[in-house]
Each structure stands twice: as C-alpha cells, then as structure tokens.
Amino acid sequence: MELPSFLSHPVWFVCSVVLAVVLRMQRKGNWEARKCRANLTGKTAIVTGANTGIGKHVALDLARRNARVILACRSRERGEKALAEIKNQTGNKNVILSILDTSSIASVRAFAERILKEEKRLDILVNNAGASGLPHGLTPEGLEVTFATNHLGPFLLTHLLLDLLKRTAPSRIVILSSFMHGQGNIDTSNIWGKNLEKNKLNDTYNCTKLMNTIWAKDLATKLKGTGVTVNSVNPGIVVTEAMRNYSFILRFIFNLVGFFFFKTAEEGAASAIYCSVSEEAEGLTGKFVDSDCTIVLPSEKTRDPAVNKKLWEACESATNLNAYQGKLSKSR
C-alpha cells in the first residue's frame, strides 16, 4: 500500500525533523547548572549511586565547583572508573570513592561509620542511588530488596549522618523521587516483602518513590530550625542505566523513544543540582521540585498524617535506627 502523497513530500520530512528538534529542546528547564556560579570550595558532598547516570552528573557538577566529593557506589570497579573520569574532566583531585550498597543495612552502617570517623563536615547529601525492575527478593536482613535499596538504605544513611549535617549547617539534603510517586501506595508490610503483587515490579518502584517524597517532607519538618534543608526532586523521564533490569525489547523501545522525548542523564541531574547548590534554593525545605526546577505540589497521597507516622515508625523499626543511633552516640 502506497503512502498518501502528502506524507512523501519533502516538506513533511522537514516538519517532522523540526518537531523532533523542538520537542528535544523542550526537555530542558529554565534553570541551567552551567550558568550557576556557586563555588563549593571547602565544602563536602556525598552523592550515592555516583558511578553512572544522574548521580554521576551531579557528582561531576559538584566537583567542578571545587567541592570535596565522596562517590558512594556499590561497585568498586564502576566507581573507580567514574572517579577517574570525574577527576580528569574537572581537575579536582579531592574526589574519593567509598563503597556503599544501600540495599544492605550492614553496608550503610559501615559507610556511615567511615564518614563520621574521617570527615569533619558534610554540606550536601544527595540520595540518588536506586533501582527499578528488580525481581522481588529479600536481603540478608529480611527486607524486600527494592524497598531496601530505594528507601530504607537512604533513610538509615541520612539519619546516621544528621548530627554531622547539623554541625555543618547550613547544609542540604536532596532526595531523588519521581513523578511516578503518585502511582504508589503505602503498605508498610511491603517493606518485609509481604503483600506484594509478584508481576507488578513497577508498582514496587512507585511505592518507594512515594515513601521518598513523604519522608523528605516529614524530615524537613523535624529539622526545622537546624539549618538543614530537605527537598525531594523529580528528575523527569531520563534515559539512564536504570532500565538495565528490564528485557532487551523494553530497553530498546525506551531508548529509541527517549532519544526524541526524554531527558539525558545530564539534563535529568538539573533539579538535584538546583537543590544542592543554587542561591534560589537557599533555605528552601520540605518541597517537591519538578524536573524544570520549579516547586510543585506532590501527590495528595503524601498528606495523610496517620499514614505518614506509621511509615516513619516502620522505617525506624526495619532499620533498627534508634538502637544503632544510641550505639553511635556512646562510641563517640
């Protein structure tokens, strides 16, 4: 069957190309990291999941601003590769690698102990590490692996480093969420791998992003007056290695469509960098920042005090937070 004549006309092709270019340009927000002149000399930042994707570009930006940047990565091999690239591209030799697996409570505790022992300050903490498409499973501590990786690990890490963040204040905590958080639901039994729909892996991811957003808002309230700000961000739909756990066909389609419509990892890092360094975000706390670096309201699902309180208590219990904080206090 032949195409209609107007579809084969050169003008149609030109219009299609122009439309693709316009759509690609519209992925960018109004705030551009490269135009921000913030200098971070003398300041220390931690970026989790910094070996690839958004985390790597956030770390690269902070290193360009002369910060001491700690790349918190699960893989030593991939972390060392990112470390070398960031040092070479920025000329900043004060960038280091420290191993962290946010799915492991033991790894989070060991990482936090090293930081508290070796670092005198912490100005910026970017909780970027996360995963999607993982098959359901339990960690050695009995926690569901996606909930541990995306929420419980970051939750524990942040609370173990809070005293250092407070001593360094003003300091900033940035938590990577997603526009998909509105599709999630809170069932605290999911944390232990219970009541999960085995064939709906995306639901698990969405639930962890909802937890991230609720936690950021509630933590900001608890830290009011300390000089520590907390914001969650939506990076947008970003072409990164986050799709590596999905089938080849899904990855191919995602990357093909993403070339025209989705953000690159560098573009997706903008909202996290905005909250980490910009003057506009100074003092900003308890907000949900969209992919174009504007403040928007998160889902109504984040605004139920009873549910939020239950979630907080479940996370404290799952990570044994209070007992371990007490142990850390006695050891100092």
### Among 31-40, 69-78, the order from most to least packed when residues are scored by Cβ within 10 Å on average
69-78, 31-40
### Task
Could you tally the net charge around residue 214, taking each other residue with its Cβ under 15 Å from the Cβ of residue 214, Lys/Arg +1 and Asp/Glu -1?
+2
### Query
With a sphere of radius 13 Å drawn around the Cβ of residue 194, what net charge do the other residues whose Cβ falls strictly inside it have (Lys, Arg +1; Asp, Glu -1)?
-2
### Message
Could you put 274, 205 in order of accessible surface area, largest first, with the 1.4 Å probe and the full protein assembly present?
### Response
205, 274
#### Entry: Amide H contacts of residue 230 (H built 1.01 Å from N, under 5 Å, at least 5 apart or other chain)
173, 286
### Task
Run the numbers on segment 92-189 and let me know its relative contact order in percent, using alpha-carbon pairs under 8 Å that are six or more apart.
36 percent
### Query
In whole percent, how big is the carbon plus sulfur part of the accessible area of segment 143-236, probe 1.4 Å, protein atoms only?
48 percent
### Task
Could you work out the local net charge near residue 58, counting Lys and Arg as +1, Asp and Glu as -1, over the other residues with Cβ closer than 13 Å to its Cβ?
+1
### Message
Give me the base-10 log of I(q)/I(0) for segment 77-231 at each q in 0.12, 0.14, 0.15, 0.21 Å⁻¹, Debye formula, one uniform scatterer per Cα, rounded to two decimals.
### Response
-0.57, -0.77, -0.87, -1.35
#### Entry: Across 81/120; 87/301; 198/301; 198/222; 56/198; 43/309, pairs whose alpha-carbon gap is larger than 30 Å
87/301; 198/222; 56/198; 43/309
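The values are calculated or read from the model by the stated rules, or taken from the named source; none is laboratory data. Note that the structure is a prediction, hence the values are computed from the model and not measured. In this analysis, Cβ positions are derived from the backbone assuming ideal geometry, glycine residues included, and neighbour counts consider all displayed protein chains. Side chains are part of the model used for accessible areas, which takes the heavy atoms of the whole protein and leaves out ligands, DNA and RNA. Shrake-Rupley method; radii C 1.70, N 1.55, O 1.52, S 1.80 Å.
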